[in-house]
Amino acid sequence: LSYCHHSDNKAYIKNMKKKKVHAHVVCPLFFLQFDTCVVSCVPGESTLENNGKKDKLKGFNLKLKDTILFPEGGGQPDDHGTVGGVPVLRVLRQGPEAVHFISSALEEGQEVHIKLDWERRFDHMQQHSGQHLITALADAMFGYKTTSWDLGRQRSSIELDTAAVKPGEMEALEAAVNEKIRAHIPVTVNLLSIDDPAVEKVRSRGLPDDHAGPIRIIDIEGVDANMCCGTHVSNLSHLQVIKILGTEKGKKNKTNLIFIAGSRVLKYAEKSYGIEKSLTGLLKTGADEHVDAVDKLQKTIKRLQKSNLIILREMAVLIALNFKNKADRGNFFSLHNKDGDNEFMNIIANEIGFQDTVIFLTVGEEKGAGLFLLAGPENIVTEFETLSNCVVAHSLLQFFLSSKLFFAL
């Protein structure tokens, strides 16, 4: 609540506790924009994820008098948006305050306008409320407790305290959660003092050590009451639908339940249909026959790969024999083959014999990874190994690999 509150915090909380109003009034979850002022803006740095990699960026840590942007916490990612036209890259909790990480500085005391990235916020609301609903019913129906959860970019997971689930349970759970969604059940936010006896009756995994103020309870009427700081829908109907994609083996004696909710289900269906349509064109079969068609292709590929290996081995023997039968073969042999492998090179080297011949072989695509083999009289190979420690020898080796030239000593 601290992160999206009215400026007169104490009076506002007191008023809300009396009314027990709905979530979108208690915490303005549906505020798309808001005017406030800058309390402080100091240089800082933050770690941002970029294409699966984490980059550390320098910027500014911004604190506002009030904010409608939710900071990362409770298993939920942070909100995005703009403050004074400057993109907010991260929002983190620092005690009772929200710190906005931005790339450009704003002046202390400056009046600013906040714009919320609503699509991101509503997506998080759907997934988080969906998690509460699944958690409550998984416990009520099967006794599976939730030990943690993760709101991912594409899908979310709930860690259940069970080594495995029984056949049919996930289908029954999915039917039950969607029945609750169709029932149009309200979701409310209640604020309780920390010493209120009602706090002991709600679902909770504990409070942060630096928590201060009232306890925020998310109540799904007749279904669940859960201590939570996150953003949620005000009615289960806003979830639209929940799809349980399946389960995966988790940590020791744990099972991960994978799900998507709301708009993610629509996007998943759209993407799945696009893939199905593309496969139909590629495989020249109907959707019901895709699996069989791919299975046949895989078996054919394995047969061809096996045949190719046999041919490659036979070719290696013939290459070696051809060299050995040359009258003017010299005492150096070099070859590159993009389709070869380690065994291909070993066969050639062993067939030619490297007691009197220096053999240099390379395999692999010209612009990709590759392998090389150097074999020959011990004194020559030892001398090359000594030289390979210097930059010149290394550069020469790279030249050999790139030029694919044939040399004769």
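The values are calculated or read from the model by the stated rules, or taken from the named source; none is laboratory data. Since the structure is predicted, the reported quantities are computational estimates derived from the model, not experimental observations. Every residue, glycine among them, receives a Cβ derived from its backbone with ideal geometry; neighbour counts consider all protein chains shown.
A few comments on the model shown:
- Check on Ile244, among the hydrophobic types (A, V, I, L, M, F, W, C), in contact with an Asp or Glu (Cβ under 6 Å, 6 or more places away or on another chain) and farther than 30 Å from Asp341 by Cα: yes
- Qualifying residue in the stretch 374-381 (condition: more than 43 Å from the chain's Cα centre (by Cα), surrounded by 14 or more Cβ atoms within 10 Å (Cβ to Cβ) and touching a residue at least 60 places away in the same chain (Cβ under 8 Å)): no
- Tally, over the stretch 44-68, of residues that are loosely packed, with under 14 Cβ neighbours inside 10 Å and over 15 Å from Arg90 (Cβ atoms): 4
- Per-region count, the stretch 251-272, residues modelled with pLDDT of 95 or more, in contact with a strand residue (DSSP E or B) (Cβ under 9 Å, 6 or more places away or on another chain) and not hydrophobic (A, V, I, L, M, F, W, C): 7
- Enumerated helices (runs of 4 or more DSSP H) restricted to the stretch 318-409, each holding at least 2 residues that are within 26 Å of Leu304 (Cα to Cα), at pLDDT 90 or above and in the same structural domain as Asn308 (by TED's automatic domain parsing): 342-352
- Scanning the stretch 110-120 turns up at least one residue that is among the hydrophobic types (A, V, I, L, M, F, W, C) and surrounded by fewer than 18 Cβ atoms within 10 Å (Cβ to Cβ).
- Any pair with Cβ under 6 angstrom, 6 or more apart, that starts in the stretch 296-318 at a residue that is of a type in the set (Asp, Glu) and ends at one that is exposed (fewer than 11 other Cβ atoms within 10 Å of the Cβ) and outside any helix (DSSP H, G or I): none
- The stretch 74-89, subset in a strand (DSSP E or B) and in contact with a Leu (Cβ under 7 Å, 6 or more places away or on another chain), residue surrounded by the fewest Cβ atoms within 10 Å (Cβ to Cβ): Leu89
- Strands (runs of 3 or more DSSP E) within the stretch 180-290 that include 2 or more residues in contact with a Phe, Trp or Tyr (Cβ under 7 Å, 6 or more places away or on another chain) and of a type outside the set (D, E, K, R): 242-249
- Filtered residues of the stretch 164-218 (kept if of a type in the set (S, T, N, Q), modelled with pLDDT of 80 or more and under 29 Å from Ala98 (Cβ atoms)): Thr188, Asn190, Ser193
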